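Accompanying notes for the structure given below.
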Amino acid sequence: DTAGNGGNSCLRPLSLPVGWPGNVQLRDELMEHVTDGSPTLLNAGEKLRAASRDFQHSAREASGNIRTPRYIMMPMSPFRIVLDIVSLAILMWDLTTVPIVIAWELEAEQDILLWGVWISRIYWTIDIPFNFQTAFYQHGHVEVQPLAIARRYLRTWFLVDVAIVIMDWLSMLFTIGGDTSVKVLRLSKLNRLVRLVRVFRMFRLSEVVAQMEEYPSSDAVRALMELFQVFVAIIYLNHLIGCIWYAIGNDRYSDTGAHWIDSPIENSEFTYRQTHPIYQYLTAVHWSMTQMTPGSSQVQPQNSTERFFNVVCLLIGTLFFSSLVSAISGKTMDLKIIKQEQTQKLAKLRRYLNQSNVTPGLAARVTQQVASRLRAPKA
């Protein structure tokens, strides 16, 4: 590198970025449009500038000229992975308990709900500064510049996170101090609004799951995770519909003067309203599952609102059930194909070792090593 340069080393990146051939192609396309004045010149110029920025970033990253601030967390760092797992657990807690609290009009400041509310409130408050310190992937490289990280977070989830956190703490302040009228106002308006807004974290769940899918894992693990996501989606959808079904039945309005929860239980002198909340919840979820699958339930709509919701659920269930069967079948076939490929490779290896007269002890160790490599996570 120093020959012909007077002893001065030639500065160049240690490696070229993955997409550099495409950058050269964009340059050639731009030069073709320069002479004929094509209207696509502006678009080609924008693409070339974006590709040039990626090239320069990759060159600086390869030559070690980019410094990562100490307080910036990499997306695959152990601490970030732990935060993602905790975020997923708390999101599932919020999305599970909030519909129950709203439908059954429970007090969130009692028993286990109190601990869940406080843990969720504190964690999402701490999570805001952590999001300003987490690097992200952009155009194939990791963006570690604090300004770019802050700009991205401010454009995405910052306003939603801050709004929910502020409303959570305001709800807590009204709970701690205030007269009876203030508490009544909180229960009827502010507290319900807080609970409804917290349901918007459902959209944040997809982002957390997408980040966790980027972690290195084997093909079989990825297929199992996708199948697990399908089952979780089924369970949560029935949970949500069941809570809505109970809330509709518990509503005061009825054009017929009847509600499904006032119906008598078969072979019993009690109505559903007189039973324990756990039995009411299980009954509502059972009714919800019968709308998605070819099942039956003793609960029937008793007024126009309940009948309309029943029709909507039947329409959703018609589309959902067919998609569900195809999704589960596809994921199951993926698992079988992956397992079959691994079995075939190990069978060929054992046949080769047997034909080569390899000793049983060595053959067993080689087979175990290959099987371990086949199951190893892929980046």
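The values are calculated or read from the model by the stated rules, or taken from the named source; none is laboratory data. The structure presented is a predicted model; accordingly, all values stated were derived computationally and were not measured. Note that each Cβ is placed from the backbone with ideal geometry, even for glycine, and that neighbours are counted across all protein chains shown. Remember, those area values only see protein heavy atoms, side chains included, never the ligands or the DNA or RNA. Shrake-Rupley method; radii C 1.70, N 1.55, O 1.52, S 1.80 Å.
Within the stretch 249-292, what residues put their amide N at less than 12 Å from the label point 7 Å along the Cα-to-Cβ vector of residue 235?
none
Taking the mean number of other Cβ atoms within 10 Å as a proxy for protection, how do you rank 144-152, 282-290 from highest to lowest?
282-290, 144-152
Tally Lys and Arg at +1 and Asp and Glu at -1 over the other residues with C-beta under 12 Å from the C-beta of residue 246: what net charge comes out?
Taking every Cβ under 12 Å from that of residue 246, the sum is -2.
Have a look at the stretch 225-379 and give its Rg and Dmax from the Cα atoms, expressed in angstrom.
Over the stretch 225-379's Cα set, Rg and Dmax evaluate to 26.1, 84 Å.
Based on the Cβ-Cβ distance from residue 347 to residue 323, what FRET efficiency comes out when R0 is 30 Å, to the nearest 0.05?
That gives a FRET efficiency of 0.25.
So if I take the centroid of the Cα atoms in the stretch 335-372 and the same for the stretch 270-294, what is the distance between those two points in Å?
Between the Cα centres of the stretch 335-372 and the stretch 270-294 lies a distance of 52 Å.
Amide H of residue 73 versus every other amide H placed in the peptide plane: which residues, excluding those fewer than 5 positions away on the same chain, fall under 5 Å?
Counting only residues 5 or more places away or on other chains, the set is 134, 135.
Within 13 Å, Cβ to Cβ, of residue 299, how many net charges do the neighbouring residues add up to if Lys/Arg are +1 and Asp/Glu are -1?
Surrounding charge for residue 299 is -1.
May I ask you to order 264-272, 112-120 by the average number of other C-beta atoms within 10 Å around their residues, highest value first?
112-120, 264-272
Farthest toward the dipole's positive end in the stretch 104-171, which of 123, 136, 159, given Cβ charges of +1 (Lys, Arg) and -1 (Asp, Glu) about the Cα centre?
In the stretch 104-171, that residue is 136.
What do you reckon, how do 276, 259, 139 stack up by accessible area (1.4 Å probe), largest on top?
Per-residue accessible area, sorted high to low, gives 139, 276, 259.
Leaving ligands, DNA and RNA out of it, work out the accessible area of residue 304 with a 1.4 Å probe and give it in Å² to the nearest 10.
Roll a 1.4 Å probe over it and residue 304 shows about 70 Å².
Under the rule of at least 5 residues apart or a separate chain, name every residue whose amide H is placed under 5 Å from the amide H of residue 271.
Those qualifying (amide H under 5 Å, at least 5 residues apart or on another chain) are 265.
Can you give the extra length, in nm with one decimal, that the chain gains between residue 86 and residue 251 once fully stretched, where that is 0.36 nm per residue apart less the Cα-Cα distance?
Extending this stretch completely gives an extra 55.8 nm.
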